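Encoded as structure tokens, the structure appears first; notes follow it.
The values are calculated or read from the model by the stated rules, or taken from the named source; none is laboratory data. These numbers were taken from a predicted model, which means no experiment stands behind them. Positions of Cβ are generated from backbone atoms using ideal geometry, with glycine treated the same way; all protein chains shown enter the neighbour counts.
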Ligand code: C2O
Ligand code: CU
């Protein structure tokens, strides 16, 4: 009892043990894409594309009853959330696959506020591509008076002429390149949606890249946008959105200010990653009187794993990223010449700072993701490149090498892989085991 009172006191929440529970059911439904007369069979959570937006409060526990009504096994992984290892949703590593017709109860203690997402971790290149994904927001205990909170889950579908999903996965073409890039980019399942704002508003815009492989670099033409969080954690210093590379898995939270004199104007949001920019969405400012901009001070992170922690730490692991002939699809993607599950794995001690190098010996893109930790980019190609934020996914470009540092704070076996789903399925996965 004394322990309980103490904990409550320390956390400062009246509701530290509050629980919220929800259901997520994976099943096939039909979704209407633009340009097509027919409806497309998709795999969904609760019949929705994308899956339901989950909102929990930091310091509480979320119970999620997952039921699998697909014709194949599945699981749910909570991307970016630091949770108990047994709840991480990786079949063969943290749990058994959830068979068709079966259920699994996930119990998540929400320890970090921010923008996260969820998706299967079984036959992922197909299951995500067919639509299984959703956003998971953990609200701060103190709410800021944002005029609006927009959540944009970016996706990229490869649709055929009849509107159905191209049914061949992990093709040679996907594997020789940067995975499966589609022909219909969507935001929350819609093509080029239009959003409305009022002059004077300040909008929190959360952008999540949930695509299998496409990389986005969103740009809002004519409006200033400040990055306030990356991969679910507040930045240490705000910066202007400019050519930010949002690879599969990454999230950014933006503070978008609508000036008071722009009533009646429409602004375009475009992607600038590919050579030819294309429109993703538009923001229409209604011709009304300006609202008074709300007074908001987004939180910043203070010395969370400061860079000097890694000053005298030696690099103990370099993972060389490359392709080989072989594996189940004929082309394998390797980490140190090995294919999952015969991977080059590491074991670390809880609480001990670590440095890792991802060395890309190929000419393709590899957004490398580590489950259960936030890490910091320290160097690119051996040159200091300290970022004003931490991440859980970093893009390692062609022939580039990226040095990261992190402190493992949760024990268990944490999957580490390329977030281009086709590369991961073709072997580019390993684990970091953290022991007490
Ligand atoms: Cu989105 Cu294994 O991760
Ligand atoms: Cu890759």
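Please indicate, with yes or no, whether at least one residue in segment 356-365 is under 21 Å from residue 119 (Cβ atoms), within 16 Å of ligand 2 (Cβ to nearest atom) and in a loop (DSSP other than H, G, I, E, B).
Yes, because at least one residue in segment 356-365 is under 21 Å from residue 119 (Cβ atoms), within 16 Å of ligand 2 (Cβ to nearest atom) and in a loop (DSSP other than H, G, I, E, B).
Within segment 323-337, which residues are in contact with a strand residue (DSSP E or B) (Cβ under 6 Å, 6 or more places away or on another chain) and surrounded by fewer than 18 Cβ atoms within 10 Å (Cβ to Cβ)?
Listed by number, the residues that qualify are 324, 326, 336.
Taking segment 47-92 only, how many residues are part of a loop (DSSP other than H, G, I, E, B) and buried (at least 18 other Cβ atoms within 10 Å of the Cβ)?
Going through segment 47-92 one residue at a time, the tally reaches 15.
Taking segment 341-369 as the search range and keeping residues that are within 16 Å of ligand 1 (Cβ to nearest atom) and over 17 Å from residue 419 (Cβ atoms), which one is surrounded by the most Cβ atoms within 10 Å (Cβ to Cβ)?
Per the criteria, the residue is 345.
Tell me the residue from 279, 308, 261 that is at pLDDT below 95 and out of contact with any helix residue (DSSP H, G or I) (no Cβ under 9 Å at 6 or more places or on another chain), please.
The match here is 308.
Could you look through segment 212-226, keep only residues that are part of a loop (DSSP other than H, G, I, E, B) and farther than 19 Å from residue 258 by Cα, and pick out the one that is farthest from the chain's Cα centre (by Cα)?
Selected residue: 217.
Looking at 397, 372, which is the one that is under 20 Å from the mean Cα position of the chain (by Cα), closer than 17 Å to residue 82 by Cα and either within 16 Å of ligand 1 (Cβ to nearest atom) or at pLDDT 95 or above (or both)?
372
Condition first: in contact with a strand residue (DSSP E or B) (Cβ under 6 Å, 6 or more places away or on another chain) and in a loop (DSSP other than H, G, I, E, B). Now tell me which residues in segment 103-128 satisfy that.
110, 113, 120, 121, 122
Out of the residues in segment 179-211 that are buried (at least 22 other Cβ atoms within 10 Å of the Cβ) and not in a strand (DSSP E or B), which is nearest to ligand 2 (Cβ to nearest atom)?
So the residue we want is 179.
Quick one: which of 191, 169 is under 21 Å from the mean Cα position of the chain (by Cα) and in contact (Cβ under 8 Å) with a residue 24 or more places away in the chain?
191
Considering each of 88, 65, 37 in turn, give the residue that is in contact (Cβ under 8 Å) with a residue 12 or more places away in the chain and within 28 Å of residue 376 (Cα to Cα).
Just one listed residue meets the conditions, 88.
Just to be sure before I move on: is residue 251 away from ligand 2 (no atom under 16 Å from the Cβ), closer than 22 Å to residue 214 by Cβ, within 25 Å of the chain's Cα centre (by Cα) and surrounded by fewer than 17 Cβ atoms within 10 Å (Cβ to Cβ) in the structure I sent?
When the stated conditions are applied, residue 251 does not pass them.
Can you tell me which of 180, 173 is in contact with a helix residue (DSSP H, G or I) (Cβ under 8 Å, 6 or more places away or on another chain) and at negative phi?
Testing whether each residue is in contact with a helix residue (DSSP H, G or I) (Cβ under 8 Å, 6 or more places away or on another chain) and at negative phi leaves just 180.
Check off (1) within 19 Å of the chain's Cα centre (by Cα); (2) surrounded by 12 or more Cβ atoms within 10 Å (Cβ to Cβ); (3) closer than 16 Å to residue 223 by Cβ for residue 243 and give me the number that stays unchecked.
Unmet for residue 243, out of (1) within 19 Å of the chain's Cα centre (by Cα); (2) surrounded by 12 or more Cβ atoms within 10 Å (Cβ to Cβ); (3) closer than 16 Å to residue 223 by Cβ: (2).
Just to be sure before I move on: is residue 138 surrounded by 21 or more Cβ atoms within 10 Å (Cβ to Cβ) and without any contact (Cβ under 8 Å) to a residue 40 or more places away in the chain in the structure I sent?
Against the criterion (surrounded by 21 or more Cβ atoms within 10 Å (Cβ to Cβ) and without any contact (Cβ under 8 Å) to a residue 40 or more places away in the chain), residue 138 does not qualify.
Within the set of pairs 6 or more residues apart or between chains, which connect a residue that is on the phi > 0 side of the Ramachandran plot inside segment 414-436 to a residue that is within 12 Å of ligand 2 (Cβ to nearest atom) and not in a loop (DSSP other than H, G, I, E, B) with Cβ atoms less than 9 Å apart?
427/332; 427/333; 427/334; 427/335
Just checking, which of 400, 422 is within 16 Å of ligand 2 (Cβ to nearest atom) and closer than 18 Å to residue 91 by Cα?
Unique residue meeting the criteria: 422.
Do we find that residue 229 is in a strand (DSSP E or B) and more than 29 Å from residue 142 (Cα to Cα) in this structure?
No.
Are any residues in segment 310-330 outside any strand (DSSP E or B) and over 30 Å from residue 176 (Cβ atoms), and if so, which ones?
Answer for segment 310-330, where residues must be outside any strand (DSSP E or B) and over 30 Å from residue 176 (Cβ atoms): 310, 311, 312, 313, 314.
Any residue in segment 107-132 that's without any contact (Cβ under 8 Å) to a residue 60 or more places away in the chain: show its pairings with residues that are in a loop (DSSP other than H, G, I, E, B) and within 12 Å of ligand 1 (Cβ to nearest atom) at Cβ separation under 6 Å, as long as the two are six or more apart or on different chains.
Between residues of segment 107-132 that are without any contact (Cβ under 8 Å) to a residue 60 or more places away in the chain and residues that are in a loop (DSSP other than H, G, I, E, B) and within 12 Å of ligand 1 (Cβ to nearest atom), the close pairs are 122/75.
Can you pull out the residues in segment 113-135 that are within 25 Å of residue 294 (Cβ to Cβ) and surrounded by 22 or more Cβ atoms within 10 Å (Cβ to Cβ)?
Listed by number, the residues that qualify are 114, 115, 116, 135.
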